[in-house]
1. For Leu94, all conditions in the list (1) touching an Asp or Glu at 6+ places or on another chain (Cβ under 6 Å); (2) closer than 22 Å to Glu5 by Cβ hold save one; what is the number of the exception?
2. Return the residues of the stretch 32-53 that are of a type in the set (Gly, Ala, Ser) and in a helix (DSSP H, G or I); say none if nothing qualifies.
3. In this structure, does Ile93 turn out to be surrounded by 13 or more Cβ atoms within 10 Å (Cβ to Cβ) and either of a type in the set (Ser, Thr, Tyr) or not in a strand (DSSP E or B) (or both)?
4. Exactly one of these conditions fails for Arg45: (1) in contact with a Lys or Arg (Cβ under 9 Å, 6 or more places away or on another chain); (2) buried (at least 18 other Cβ atoms within 10 Å of the Cβ). Give me its number.
5. Does Lys56 fit the bill of being more than 23 Å from Met1 (Cβ to Cβ), in a strand (DSSP E or B) and either open to solvent by 80 Å² or more (accessible area, probe 1.4 Å) or not acidic (Asp, Glu) (or both)?
6. Taking the stretch 2-31 only, how many residues are of a type in the set (Lys, Arg), farther than 17 Å from Val89 by Cα and part of a strand (DSSP E or B)?
7. Among (1) modelled with pLDDT under 95; (2) open to solvent by less than 90 Å² (accessible area, probe 1.4 Å), where does Lys104 come up short?
8. Tell me whether the stretch 95-110 contains one or more residues that are without any contact (Cβ under 8 Å) to a residue 12 or more places away in the chain and among the basic types (Lys, Arg).
Amino acid sequence: MAVYEIYIPKRGEFRVLLKINNEIIFVSRAYASKVQSLQAIRDLRNYSNCLSSYRKIRLECGSWCFELLEPYNKTSLGRSSTYLEESIVSKNILEMKALAPKAKLKSEALAIN
């Protein structure tokens, strides 16, 4: 099961989480308002089904993650969690591609201090 959650890690900042089977696999960039974060969910639903919108990244520490890019100007919509193996990143990209377009919004906001 895939769900979106909006949370507030700091005052004045909103982020969108995509959870699949209760595991956070994607965190959006920060937005200034709840309205912008809801628009981000729309963008995630629209762009996540296109494999060319994903970019795998190998970090300096050797771990892997991926970004989801807006297809027209290639700006990052956010980043995945970090994984030890590239194969896990590939699996999570396919899972996100399949489930993110259909994921529902679980809660309006979850404040985390």
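1. (1)
2. Within the stretch 32-53, the first condition is being of a type in the set (Gly, Ala, Ser), and the residues that meet it are 32-33, 37, 40, 48, 52-53.
Passing the criteria: Ser37, Ala40, Ser52, Ser53.
3. Working: surrounded by 13 or more Cβ atoms within 10 Å (Cβ to Cβ): yes; either of a type in the set (Ser, Thr, Tyr) or not in a strand (DSSP E or B) (or both): yes.
Yes, satisfied.
4. The one condition Arg45 does not meet is (2).
5. It is true that Lys56 is more than 23 Å from Met1 (Cβ to Cβ), in a strand (DSSP E or B) and either open to solvent by 80 Å² or more (accessible area, probe 1.4 Å) or not acidic (Asp, Glu) (or both).
6. Number satisfying all stated conditions: 1.
7. It fails just one condition, (2).
8. no
The values are calculated or read from the model by the stated rules, or taken from the named source; none is laboratory data. Nothing here was measured: the structure is a model prediction, and the numbers come from that model. In this analysis, Cβ positions are derived from the backbone assuming ideal geometry, glycine residues included, and neighbour counts consider all displayed protein chains. Heads up: the accessible areas ignore ligands, DNA and RNA and are worked out on the full protein's heavy atoms, side chains in. Shrake-Rupley method; radii C 1.70, N 1.55, O 1.52, S 1.80 Å.
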